[in-house]
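Below is one structure, written out as structure tokens; comments come after it.
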Amino acid sequence: MVLGGTSVLPIELGTDSDQIIANGDVTLGGALEVSFTEARALGVSAFSIVDESGDVSQAFDEVVGISGLLIQADVGVDQATSDVIVTSTVVLPSTFGGLSND
């Protein structure tokens, strides 16, 4: 599977997350467009979005739709399985200077 510079990969994350199954190598590029299908709880959640039987090369040019004031996100490759993983962290408002939990 090859995602080029103009590619957009829409992925929904939640209890029944979207996942691409690729037989062979995967080349990432373009935009990863993420949305949640349900409210997120505090803490860290990891979602496998690409399960491939080969190697992963390159990276998405941009990730849109997931990060916000209280949500931090990271896209990486699991070294043990080579799957592409989106990790989202929902933080308390007190984590940011000047904000409180009230």
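Once C-alpha pairs closer than 8 Å and six or more residues apart are averaged by separation and normalised to the residue number of the chain, the relative contact order reads 26 percent. Carbon-plus-sulfur accessible fraction, the chain (probe radius 1.4 Å, protein heavy atoms only): 49%. For a modelled paramagnetic label at S82, 7 Å from Cα along Cα-to-Cβ, the residues of region 50-66 in reach, with backbone nitrogen under 17 Å, are 50-59. The residues of the chain expose on average 58 square angstrom of accessible surface per residue, using a 1.4 Å probe on protein heavy atoms.
Between S57 and F36, the distance separating the two model label sites (each 7 Å from Cα on the Cα→Cβ line) works out to 3.5 nm.
The values are calculated or read from the model by the stated rules, or taken from the named source; none is laboratory data. Nothing here was measured: the structure is a model prediction, and the numbers come from that model. When we count neighbours, we look across all protein chains shown, and the Cβ atoms used for this are built from the backbone with ideal geometry, even at glycine. We work out accessible area using only protein heavy atoms, side chains counted, and drop any ligands, DNA or RNA first. Shrake-Rupley method; radii C 1.70, N 1.55, O 1.52, S 1.80 Å.
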